[in-house]
Amino acid sequence: MSTKEPQFAIGDTVCPRLRAGSGLPETGTVAERYDFADQYRYVVSFEDGREEVFFEKELFSIPRVE
């Protein structure tokens, strides 16, 4: 298990870092978090229904607007 605190919690809104050749950034919601090879991985759900898995360093936090 990782010795550092996770940066994101389930339900947080995040944005993946842009990859070369990708379009506009999109936001998603952290659906699951787990420890993998001493790093946190996050399952992110997007509005179109798909889910993708990211390492913590691949995500940005999106502040909640209230």
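The values are calculated or read from the model by the stated rules, or taken from the named source; none is laboratory data. Quick caveat, the model's predicted, so the values are computed rather than measured. Neighbour counts run over all protein chains shown; Cβ positions are idealised from the backbone, glycine included.
Before moving on, here are some points about what is shown:
- Residues satisfying the stated conditions in region 40-50, i.e. in contact (Cβ under 8 Å) with a residue 12 or more places away in the chain and surrounded by fewer than 12 Cβ atoms within 10 Å (Cβ to Cβ): Glu47
- For Glu26, the criteria (1) out of contact with any Gly (no Cβ under 9 Å at 6 or more places or on another chain); (2) modelled with pLDDT of 95 or more; (3) surrounded by 11 or more Cβ atoms within 10 Å (Cβ to Cβ) hold in every case but one, which is (2).
- Pair list, Cβ < 7 Å and 6+ apart or interchain, from region 27-38 residues that are on the phi > 0 side of the Ramachandran plot and among the polar types (S, T, N, Q) to residues that are loosely packed, with under 13 Cβ neighbours inside 10 Å and in a strand (DSSP E or B): none
- Residues satisfying the stated conditions in region 8-23, i.e. on the phi < 0 side of the Ramachandran plot, at pLDDT 95 or above and either surrounded by fewer than 11 Cβ atoms within 10 Å (Cβ to Cβ) or part of a loop (DSSP other than H, G, I, E, B) (or both): Phe8, Ala9, Ile10, Asp12
- If you go through region 29-51 and keep only what is of a type in the set (D, E, K, R) and at pLDDT 95 or above, you end up with Glu32, Arg33, Arg41, Glu51.
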